[in-house]
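Shown next, in structure tokens, is the structure this report addresses.
The values are calculated or read from the model by the stated rules, or taken from the named source; none is laboratory data. Predicted, not measured: the structure shown is a model, and the values here were computed from it. Every residue, glycine among them, receives a Cβ derived from its backbone with ideal geometry; neighbour counts consider all protein chains shown. Only protein heavy atoms, including side chains, enter the accessible area calculation; ligands, DNA and RNA are left aside. Shrake-Rupley method; radii C 1.70, N 1.55, O 1.52, S 1.80 Å.
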Amino acid sequence: MRVLLFTGKGGVGKSTIAAGTAALAAESGMRTLVLSTDAAHSLADAFAVEVGAEPTTVADRLWVQQVDAQKRFEQSWAAIQRYLLSVLDVAGVDPVAAEELTVIPGAEEVLALLELRHQAQLGDYDVIVVDCAPTAETLRLLALPEALGWYMSRVFPMQRRVVKALNPVLTRAAGVPMPEDTVFGALERLHGELDEVRALLTGPGASVRLVLTPENVVLAEARRSYTTLSLFGYRVDGVVANRVFPRDDADEWRGGWVRAQDEVLARVRESFHGLPVWESAYRSTEPVGAAALVALARSAYDGADPVAPPTGSEPLTVTRDGRGSVLRLALPHVTSSDVDLARNGDELVMTVGAYRRLLTLPTGLAQHRIVGARVDQGELQVRFEERATP
Ligand SMILES: Nc1ncnc2c1ncn2[C@@H]1O[C@H](COP(=O)(O)OP(=O)(O)OP(=O)(O)O)[C@@H](O)[C@H]1O
Ligand SMILES: [Mg+2]
């Protein structure tokens, strides 16, 4: 199954391009679902139909789903939130403020992606297209299960046993309710599910497409997203430049725009060297309805298969040579000085700007020592030596 995610700055045309790509895939014979995790009903608007929380068919082989993030959120988060609320209640926090404190920004959006896992497991579709929230925040939050992996596998089960044994004693002594076992159960289940979502989104059938408009500020953000997505192991397999002014018969005003956009487009191709950059023309009307969306996508992909399997190397690879092993991670647009590396037991802590990834080292490397690291041509290379760490 193919999973395609569309992200980019607010308003650049993510929903339109996601919907168009899905409609084109369906037309070419693939059973396609396009889902949005965003509360605004933009997919419904793009297709000009009513769309519910369950997949709704809008054309042959094409389904649209507007995930009810609130419902999902309540289902998965309820037990944990109840516990947090009871703790805050004991601490004397006003219930309304407490309610707000237990809401994690972006959490709804992440939980909405659980629906993607659910649909993938049902196996009813050949392609699932996801219209993501602006910026890479969601995908960054999905790094959470990876970061919590160590805690969840070692500390968590122990803590759970201890709390279970001491619960009555502690509750009486401290006055603060100890988490019930259902809270641990809920956390564990949520962790497992998020881990599966992440596995699906970083797996061989998944890729991210960046949507942008040919403007310098938009490009700057897309470049940063490319770095961040790569850091977290997501594979970017193409860029869609949307709202490109048609070159033919341009008057003076449009001619000015065409020249300005051409300059940015050249920088786009340079920034995403090696990736296809598809251009989607600025239409004279809003592309609404399946037919208009197919037309838009068809001209943008210009004969290319919109759901072709992603090409190129895996985002993260480990190779061995005579001297040891080298871990390689695609990390475009950074230099060695932008990257901070640290080792924490069997984890590699990689920091780029405000973003940090805790990567659990593959078993083959966990015992080895890091002897060097560098960034070369958009790739982070970390060299490990076969010598065991003291
Ligand atoms: N190529 C195009 N030509 C003309 N209109 C377009 C084009 N692409 C998108 N639009 C219009 O621009 C508006 C914004 O597009 P869209 O909703 O797809 O953006 P978005 O990136 O999903 O926005 P948001 O960040 O709010 O989710 C819509 O009204 C859409 O119909
Ligand atoms: Mg949108």
task = First measure r as the distance between the Cβ atoms of GLN121 and VAL349, then evaluate 1/(1 + (r/R0)^6) with R0 = 35 Å and state the FRET efficiency to the nearest 0.05.
result = 0.60
inquiry  = Keeping all protein chains in the complex and leaving out DNA, RNA and ligands, what accessible area do you get for VAL352 with a 1.4 Å probe, in Å² to the nearest 10?
reply    = 20
task = Quick one: which residues, 5+ away or cross-chain, put their amide H under 5 Å from the amide H of GLU347? H built at 1.01 Å from N.
result = LEU361
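Of all DSSP beta bridges located in region 207-338, what percent are antiparallel, nearest 5?
On the way: 6 of 15 bridges.
Restricted to region 207-338, the bridges split so that about 40 percent are antiparallel.
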note = Whole-Å distance linking the alpha carbon centroid of region 197-247 with that of region 256-274 is 15
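Tell me, what % of the accessible area of region 311-383 is carbon and sulfur with a 1.4 angstrom probe?
On the way: 1820 of 3920 Å².
Of the solvent-accessible surface of region 311-383, carbon and sulfur hold 46 percent.
Convex hull volume of the Cα atoms in region 219-285, per residue, in Å³? Let's see the in-between values first.
Numbers: hull volume 6.5 nm³, N = 67.
Per residue, the Cα convex hull of region 219-285 comes to 97 Å³.
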inquiry  = As a test of the definition: which semi-axes, in Å, follow for region 184-340 when you take the square root of five times each eigenvalue of its alpha carbon gyration tensor? Largest first, please.
reply    = 35, 21, 15
message = 5 Å is the cut-off here: which amide hydrogens, built 1.01 Å from N in the peptide plane, fall below it relative to GLU279, excluding neighbours closer than 5 in sequence?
response = ALA241
note = Spelling it out for SER28: with amide H atoms placed in the peptide plane at 1.01 Å from N, the residues 5 or more places away or on another chain with amide H under 5 Å from its amide H are none
inquiry  = Can you compute the radius of gyration and Dmax for region 276-390, using only the Cα atoms, both in Å?
reply    = 20.9, 67
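Using a probe radius of 1.4 Å on heavy atoms only, what accessible surface per residue do you get for region 232-288? Whole Å² is fine.
Details: 3300 Å² over 57 residues.
Value for region 232-288: 58 Å² per residue.
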